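Undergrad: Below you'll find the structure I mean.
The values are calculated or read from the model by the stated rules, or taken from the named source; none is laboratory data. Since we're looking at a predicted model, the values are computed, not measured. When we count neighbours, we look across all protein chains shown, and the Cβ atoms used for this are built from the backbone with ideal geometry, even at glycine.
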Amino acid sequence: MTGTEDSERTGHGQYCPVTRAVDLLGERWTMLIVRDMLVGTSRFNDLARGLPGLSRSLLTKRLRQLERSGLVERLDGEYHLTDAGQALRPIVFGLGEWAAKYIFGDPRPAELDPELLVWWMHKRIDTAQLPNRRTVLHIRFADDPHRYWIVIDAQGPSVCDVDPGFDVDVTLTADVATLHRVWLGREPITDAMRAGRLAFEGPRALTRRMPDALQLSELADTVRRFA
């Protein structure tokens, strides 16, 4: 066994609480899995879709590691954080606050993933702001050929990357970078709308509600403070 392999099996080999935490949480993708679970993702397929660079086999491995360590438990086919896992909330979002203050900036080209952005957005829709019926939001990117639809019905919001066949109620048009900046709190949605880089099309009764219905990332307030 090589020294590298031995290190991967035994961790950093230091008797220290910080080391123990890093041995568990410092594995590639682990913190992002915990992040997504903290904001409500519990199904395996949803975790996989929200982490598109993570293979399903590695996701399975990481979830098993978190289960063995007592941070995650599986109930009725879903994954839920235990009290120990939930206790990571101030650490995970504290890390985000540190990054927002010291190292976060505008999105890099490699970070602009329209499909992932729409996936994030659909999980933060305030359905109380919308009519008590099926509502279809069409998201059209000015600089990307892919089209997305968010369908909000009695089952909650869902994402489609092919036309679901329902009448569209509101169309949101923006370039990919602008919508990323708005979502993460780098730019107020009203500024993007006034500049003509983001627009809602549809009945006025619906479009005026959209800035409130489309709640931003849970880190948006933090990012906004340091932008």
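Undergrad: Do you know which residues across the stretch 62-79 are within 21 Å of the chain's Cα centre (by Cα) and under 15 Å from Leu25 (Cβ atoms)?
TA: Arg62, Leu63, Leu66, Leu71, Val72
Undergrad: Evaluate the following for Thr222: is it without any contact (Cβ under 8 Å) to a residue 40 or more places away in the chain, surrounded by 13 or more Cβ atoms within 10 Å (Cβ to Cβ) and in the same structural domain as Pro114 (by TED's automatic domain parsing)?
TA: Here the answer is no, as Thr222 does not meet what is asked.
Undergrad: Which of (1) out of contact with any Phe, Trp or Tyr (no Cβ under 8 Å at 6 or more places or on another chain); (2) of a type outside the set (D, E, K, R); (3) surrounded by 15 or more Cβ atoms within 10 Å (Cβ to Cβ) is the odd one out, the single condition Leu51 does not satisfy?
TA: Exception for Leu51: condition (1).
Undergrad: Another one. Does the stretch 42-69 hold any residues that are outside any helix (DSSP H, G or I) and more than 18 Å from Asp83 (Cβ to Cβ), and which are they?
TA: If the condition is that a residue be outside any helix (DSSP H, G or I) and more than 18 Å from Asp83 (Cβ to Cβ), then Arg43, Leu51, Pro52, Gly53, Leu54, Ser55 are the ones that fit.
Undergrad: Moving on. Considering Arg134, Arg108, Arg124, which residue is closer than 18 Å to Val168 by Cβ and of a type outside the set (Val, Ile, Thr)?
TA: When all the criteria are applied, what remains is Arg134.
Undergrad: List pairs: first residue in the stretch 7-25 and assigned by TED's automatic domain parsing to the domain that holds Leu81 and hydrophobic (A, V, I, L, M, F, W, C), second residue part of a loop (DSSP other than H, G, I, E, B) and at pLDDT 95 or above anywhere in the structure, Cβ distance under 6 angstrom, at least six positions apart or on different chains.
TA: Leu24/Ser69
Undergrad: Show the residue pairs meeting these rules: Cβ distance below 8 Å; 6+ apart or different chains; first residue within the stretch 188-202 and over 24 Å from Thr222 (Cα atoms); second residue part of a loop (DSSP other than H, G, I, E, B).
TA: Here the result reads Gly202/Val168; Gly202/Asp169, each pair linking the stretch 188-202 to a residue that is part of a loop (DSSP other than H, G, I, E, B).
Undergrad: I would also like to ask the following. Determine if the stretch 164-178 includes at least one residue that is closer than 23 Å to Thr41 by Cβ and acidic (Asp, Glu).
TA: Looking through the stretch 164-178, none of the residues is closer than 23 Å to Thr41 by Cβ and acidic (Asp, Glu).
Undergrad: With respect to Val223, is the statement that it is among the β-branched types (Val, Ile, Thr) and touching a strand residue (DSSP E or B) at 6+ places or on another chain (Cβ under 9 Å) true?
TA: It is false that Val223 is among the β-branched types (Val, Ile, Thr) and touching a strand residue (DSSP E or B) at 6+ places or on another chain (Cβ under 9 Å).
Undergrad: Something else: Mind telling me which of the residues Leu32, Leu38 ends up being in the same structural domain as Ile91 (by TED's automatic domain parsing), within 18 Å of the chain's Cα centre (by Cα) and more than 13 Å from Leu81 (Cβ to Cβ)?
TA: Leu32
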